[in-house]
Every structure is written in C-alpha cells, then in structure tokens.
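The values are calculated or read from the model by the stated rules, or taken from the named source; none is laboratory data. Just so it is clear, the structure is predicted and the values come from calculations on it, not from any experiment. Counting neighbours? That spans all protein chains shown, and the Cβs are built from the backbone with ideal geometry, glycine included.
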Amino acid sequence: MEKAVDSRASRRTAERPALEVRLLGAMTVSRGGVALTLPASRKARGLFGYLALTPHSVSRSQLCDLLWDVPDDPRAELRWCLSKIRGLVDRDGHSRIETQGDTVRLDLSDCRVDAIEIVEAATVGFETLSEARLRALSAMFAGELLDGLDINRTPGFDTWLAAQRRSYRGNRIAVLERLVQIAAGDEVFSDLEAWLNLAPFDKRPHEALLTALARCGRIQDAEEHLKATARLFEAEGLDHAPIRDLWRAAMADANRTSGTVPASAVALNGEQPDPTSPPRRASVAVMPFAGATDKSILSGDVGGNLVYDVISRLAKLRNLFVIAQGTVFALSERQVELQEVGRILNVDYVVSGTAQRRGNRLAVAVELTETRTARILWSEVYDLTSDDTFLVLENIGDQIVSSIANEIETAERNRAILRPPNSLNAWEAHHRGLWHMYRFTQADNDQALHFFQTAAVLDPTFSRAHAGVSFAHFQNAFQNWQDRATEIDRAFEAAGQALMADDRDPAGHWAMGRALWLRERQAQALVELETAVDLSPNFAMGHYSLAFLHSMSGDPSAAIAFSDHSQRLSPFDPMLFGMLGARAMALVRLGRYEEAAEWGVRACARPNAHAHVQAIAAYSLALAGRLEEARMLLAAIRAKLPNYGVADFLTAMKFSEEGQALFRKAALAI
C-alpha cells in the first residue's frame with residue numbers, strides 16, 4: 001500500500017475540502033455535501049480508486065495492463081475513462097488529471113479522502129492518537145475498500161485490490177486493538193465485538209474480551225463465548241484449548257487482590273515478559289505470492305519455488321523463527337486472510353506479495369508487515385526482463401531475503417532501545433546491544449558488551465548473543481580500546497561459545513573467523529568465514545568479512561567481488577562503511593589509486609565510520625595525489641586521536657608486506 005502522501009497532508013486540516021471522497025465501503029464523491037453521480041463504468045470507477053490511492057504518477061501502459069485484458073485499443077479506453085473522471089472531479093477550469101509525457105496522476109491535494117486519512121494515521125502511529133481521533137477513524141470503515149467494485153477479467157487490478165483490502169482490514173484491526181487498550185466503560189465491548197468479527201481466530205481479542213468479562217463478573221457471558229468459540233475453532237480444525245486457558249488465567253487474575261494489574265492485561269499491552277516462557281526469537285511467516293489464473297501470469301510452481309526459496313534462506317540465517325512452508329501453504333489454500341494468518345500463527349511479521357509474468361517480463365511485488373500494528377515496514381517491486389526465469393528469481397530471492405532480515409533487525413533494535421533495561425529478555429538485550437555496537441565508540445561498545453553478556457546469561461543457547469560478545473571484544477582489540485592480547489583471547493573464547501550454542505548459525509562462524517584473524521591465523525579464518533556464507537548465502541556480514549580479509553593479504557580481486565556482493569545483499573547495512581573501505585584497500589593493492597580514493601571517501605562519509613576507515617580514505621587520497629584532501633582528513637582524525645599514525649593503522653589492519661609498503665608511502669606523503 002502506498003504511504004508517501006506529503007502533498008496531501010492538507011486534506012486533514014482543510015476547513016472546506018473541495019471534494020470528499022469515500023473509498024471505504026461503496027465509493028462516493030461529494031462536493032459541498034452533495035453526492036455526485038459516479039460514472040456507470042466499473043473500470044472508470046476502478047481507475048479513479050487506483051489513482052486516488054497512488055500518490056505518484058503512473059504510466060499509461062501500466063494502467064492499461066492493470067484494467068484491460070488486451071482489448072483492441074486499450075489506450076482509447078483509458079482516455080475515455082479519464083474523460084469520465086475529469087467530468088466527475090473537475091470544476092472551474094481546475095483539471096485534477098495531471099499528465100506529463102506518458103504518465104497520469106490524480107491531484108486530490110485539497111480534498112478529503114477517508115482511505116488516505118487512515119494511511120496517514122497509521123504512518124504517525126495509532127498509539128499516538130487520542131481516543132476521539134481513533135473513534136473518528138473507526139467510523140470511517142463503512143465496509144471493504146471499494147466495496148462491490150470487483151471487475152471481471154482484470155487480474156492485475158484484482159490482485160492490487162485484494163492486497164489493498166487486506167492492508168486496510170489490518171489497519172482497522174489495529175485501530176480497534178488500540179481502542180480496546182485505552183477505552184473505559186462498556187464501550188469497549190462493541191470494539192471487541194468488531195475486532196472479533198474481523199479476526200475470529202486471533203487469540204488477542206479473545207483474551208481481551210475474557211479479561212473484560214472476568215473483571216465485570218459476567219461469568220455466564222464468558223462461558224457462552226467459550227462455547228461459540230470452541231464450535232468455530234473445531235469447524236476450522238483448530239485447537240480451542242488455548243482460549244479456555246486464557247479464561248482460566250483471566251479468572252485467576254480477577255480474583256486477586258483489588259488494584260493488582262491482571263497478567264492478561266499486562267500481556268495485551270506488551271509489558272513485562274513472562275519469565276517462564278521459552279526464549280523468544282522474532283517470528284515471520286512468508287505467504288504464497290498471489291497471482292491470477294490467467295495463463296500469462298507466473299505459474300504457480302515457479303511462484304511457489306520463489307516462496308520456498310525465501311523461506312529456506314531466511315531459516316538458514318538462524319536468527320528468526322520461520323514458519324514452515326507446509327503450514328503457510330495450507331492456510332493459503334483455506335483462503336485465510338493475511339492479517340488473520342499472522343494472528344493464527346502468532347508471528348511478529350508476515351511477508352506477502354504478488355508475482356506476474358507477461359512474455360519475458362517478470363514482476364514481483366513484496367511487502368513486509370508487522371502483525372501487531374498492521375504497519376508496512378518495507379515494500380518493493382522488482383520488474384525485470386529475462387529469458388532465464390530461474391536466474392531472475394535467484395537474484396530477486398537474494399534481495400528479498402536480505403531486505404526482510406535487515407528490516408526486521410532494524411525494527412527489533414529500535415523497539416529494544418525503548419524498553420526499560422531491567423525488563424529485557426535475551427532477544428531484546430541482544431538487539432539493544434546491536435544498537436550500541438553499530439555506533440563504534442568506546443562508550444557504546446562497553447554498553448553493547450554489557451547487553452550481549454546479559455542476553456547470553458538469559459539464554460545460553462542463543463548463539464548470536466555470544467557472537468555479539470565476541471565482536472565487542474574484537475572491537476576493543478581492533479580499536480586499541482583495551483589490552484589487545486586480553487581482548488583477542490576473549491573474542492576467541494566467546495566465538496567458541498557461539499559455536500557450541502549452535503554450530504549451524506553463520507554468525508558463530510563469522511565471529512570465529514574474525515577472532516582467528518586477530519590471532520593471525522589467516523587460512524583458518526577464511527575457512528570459518530567461507531563456512532558462514534556456505535551455511536547462509538544471504539549472510540551479508542560473512543561476505544563483507546571475506547572482502548575485509550582478502551583486501552589486506554589475500555586476493556584483492558576477490559575482495560572487490562565479496563564487497564560488491566555484500567552491498568547488493570544489504571545496501572543500507574550499518575557496516576556499509578566497512579564494505580566500502582574493504583573495496584578501497586583492495587583497489588590500493590591493485591594500483592588503482594584514484595578509484596580507491598573515491599571509494600575511501602564514500603566509506604568515511606558514513607556517519608558511524610571510525611578512525612581506521614577515515615585513515616583508509618586519507619592514505620588512498622595521498623596515493624592518488626590528492627594531498628590537500630588527505631591532510632584535511634588526517635587532521636580530522638587527530639582532532640579526536642592526537643597521536644594517531646600509520647603504525648596504529650597497520651597494527652589494526654595486518655597487510656601483506658607489499659600492502660604495508662604502499663600505506664607507509666602514503667603516510668610519508670602527508
């Protein structure tokens with residue numbers, strides 16, 4: 001679902017909007033409170049709805065593909081539909097259909113559109129809104145998006161509309177969930193009823209309803225609800241025992257001393273975790289990608305292979321709990337709604353998408369949604385042309401898996417940093433450690449080490465917590481922040497703990513490879529890093545570390561290839577400065593000094609680049625003859641580290657004799 005609507009923000013504050021457009025429920029367009037007559041053509045109305053929800057310009061060819069099943073003259077039909085929309089929304093010479101070249105855009109910047117208001121509120125965060133505003137948003141959901149506007153023989157439009165409806169249904173659930181959390185009095189029961197109607201198999205509304213009934217002493221009502229729920233779950237082949245357990249817990253809480261907050265209510269609001277629960281991992285379900293039955297659409301087998309590939313690659317990363325393929329395909333075959341899937345499976349994130357092929361053109365659209373809030377964390381469209389479908393799918397799979405893993409890690413890091421430090425579980429402590437680790441200062445590294453150690457104590461089987469401990473000690477040695485020999489031993493010991501916890505986790509082999517490199521055991525280090533990427537080909541840190549080692553004393557051409565691949569896998573990685581810096585060092589060894597200088601400058605421009613990375617840029621600039629720039633960078637380093645010199649750089653980096661000679665030459669020049 002499109003979200004960037006900066007120019008449309010005025011619609012919410014406009015005292016008298018030029019038009020009021022309702023897309024939730026049956027479509028209506030009003031001017032001055034008077035409903036306008038909509039075009040009789042379903043395709044004209046469908047086109048209006050699509051353009052209203054798309055903030056950017058759309059090509060005519062894309063609109064033709066969306067709504068016309070290869071008619072004699074699709075562009076003529078498109079022009080006719082646009083003329084009908086103009087007749088509906090234009091007034092006093094103001095044309096709302098903007099055309100530029102081959103593109104079309106519908107300008108509703110001074111109008112009020114209910115669906116866009118929902119998107120804007122979701123972007124801000126429903127948890128930040130008042131109860132009155134949430135009630136107003138809830139009232140906007142008069143029905144499904146573009147209710148009744150299904151169009152025959154338009155697979156592209158049908159797929160888009162189904163995805164949009166799922167997203168808005170998820171937003172409605174998020175609004176109701178927030179109202180249930182903050183509402184007082186009996187009004188909460190109408191919110192709960194609406195929530196249950198939308199998500200009957202989600203445990204959360206059942207828990208909230210049973211908790212509310214227990215507090216009110218409405219035992220008979222709760223028992224009736226349990227009987228009805230049992231029948232519903234049994235009809236779908238689902239176990240209803242967990243709902244009965246929720247009722248027992250709600251009753252136990254209600255019978256406690258007055259003023260004590262019930263545990264079920266605490267769980268609903270996301271507070272203190274249950275110390276008896278198993279170790280937590282972020283969980284994700286990858287749903288089969290949608291596609292129409294038209295023969296020009298990507299075949300189910302190939303689309304299924306892409307989803308299976310994404311599931312297996314995510315599982316190989318070992319840091320996520322990934323729902324098995326059989327389960328998600330079974331739910332898809334039962335046509336369970338996307339948001340409900342997330343709640344049935346009790347996962348944190350759901351991946352969904354569409355896959356289409358027309359001739360040799362392959363289009364794959366993917367979304368990552370946070371289940372609890374229905375917020376879309378990431379979306380991307382891959383539109384490629386190739387005669388080798390499986391090669392294209394291989395490349396797309398790489399990008400999808402890396403993007404999902406990075407977005408989930410970012411979301412978990414940001415969530416963990418907002419939690420009270422004494423309430424963190426192992427997963428949260430680990431991600432709070434990552435938040436500090438990626439700042440690359442001594443103070444933050446100390447904090448990172450503390451949280452990684454906390455995570456390892458809370459869950460000794462959590463391999464990545466031990467790998468984090470190893471990396472924090474690695475930084476102490478690499479940056480010369482603590483006694484080097486001691487920290488090298490500690491980095492090696494913690495890496496060993498990571499492998500003992502899970503020798504299939506690529507992060508453990510990555511940590512061991514870097515620790516062995518500190519011990520100057522280059523050959524063994526390369527074996528460990530190669531094992532990491534063999535275990536998980538999408539593990540960007542493994543590819544980067546191979547680039548790092550090869551850039552100093554291995555094969556510089558291989559270093560460039562590993563660096564480029566790590567950037568493709570994770571283009572916004574917190575370690576991007578290292579990927580760029582490794583490429584620069586490899587180029588220096590190849591004698592391509594001007595290129596090395598450019599990549600070095602890009603590396604040190606990253607906000608978390610440390611002194612050694614800035615030194616890569618300074619020495620590369622010197623070798624390229626750009627001495628003034630090199631001196632400015634060296635001065636910036638010495639403003640923070642007055643005694644920094646080439647000896648510090650070479651001690652950290654471990655170049656071959658040839659590489660050391662090149663960087664010493666650069667240092668003498670400046």
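Overview of values
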read-out: Top-ranked residue of region 561-608 - restricted to ones that are more than 24 Å from the chain's Cα centre (by Cα) and part of a loop (DSSP other than H, G, I, E, B), ranked as surrounded by the fewest Cβ atoms within 10 Å (Cβ to Cβ); value: Gly591
read-out: Selected residue (criterion: surrounded by the fewest Cβ atoms within 10 Å (Cβ to Cβ)) from residues of region 616-665 that are in contact (Cβ under 8 Å) with a residue 60 or more places away in the chain and in a helix (DSSP H, G or I); value: Glu658
read-out: Residue identified as assigned to a helix (DSSP H, G or I) and surrounded by 21 or more Cβ atoms within 10 Å (Cβ to Cβ) among Asn171, Asn197; value: Asn171
read-out: Sole exception among (1) surrounded by 22 or more Cβ atoms within 10 Å (Cβ to Cβ); (2) more than 23 Å from Phe201 (Cα to Cα) for Asp150, by number; value: (1)
read-out: Subset of region 468-493 that is outside any helix (DSSP H, G or I) and in contact with a helix residue (DSSP H, G or I) (Cβ under 8 Å, 6 or more places away or on another chain) - its residue that is surrounded by the most Cβ atoms within 10 Å (Cβ to Cβ); value: Gln479
read-out: Members of region 593-630 that are closer than 22 Å to His436 by Cβ and of a type in the set (Lys, Arg); value: Arg606
read-out: Breaking point among (1) modelled with pLDDT of 90 or more; (2) part of a loop (DSSP other than H, G, I, E, B); (3) of a type outside the set (Ser, Thr, Tyr), for Arg133; value: (2)
read-out: Residue within region 176-190 that is free of Cβ contacts under 8 Å to residues at least 60 places away in the same chain, more than 21 Å from Glu117 (Cα to Cα) and assigned by TED's automatic domain parsing to the domain that holds Leu63 present; value: no
read-out: Any hit, region 370-392, residues being assigned to a helix (DSSP H, G or I) and within 25 Å of Arg165 (Cβ to Cβ); value: no
read-out: Residues located in region 453-465, provided they are in a helix (DSSP H, G or I) and touching a Phe, Trp or Tyr at 6+ places or on another chain (Cβ under 8 Å); value: Ala455, Ala456, Ala465
read-out: Residue under evaluation Val533, criteria (1) under 24 Å from the mean Cα position of the chain (by Cα); (2) among the aliphatic types (A, V, I, L, M); (3) surrounded by fewer than 22 Cβ atoms within 10 Å (Cβ to Cβ), criterion not met; value: (3)
read-out: Among (1) touching a Gly at 6+ places or on another chain (Cβ under 8 Å); (2) free of Cβ contacts under 8 Å to residues at least 40 places away in the same chain - the single one Phe157 does not satisfy; value: (2)
read-out: Pairs with Cβ under 6 Å, 6+ apart, first in region 408-436 and under 13 Å from Asp348 (Cβ atoms), second of a type in the set (A, V, I, L, M, F, W, C) and part of a helix (DSSP H, G or I); value: Glu428/Ala416; His431/Ala416
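Table: residues versus (1) closer than 21 Å to Ala443 by Cβ; (2) aliphatic (A, V, I, L, M); (3) not assigned by TED's automatic domain parsing to the domain that holds Ser403.
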site: Val601; (1), (2), (3): no, yes, yes
site: Ala617; (1), (2), (3): no, yes, yes
site: Pro642; (1), (2), (3): yes, no, yes
site: Thr651; (1), (2), (3): no, no, yes
site: Glu657; (1), (2), (3): no, no, yes
site: Ala661; (1), (2), (3): no, yes, yes
site: Lys665; (1), (2), (3): no, no, yes
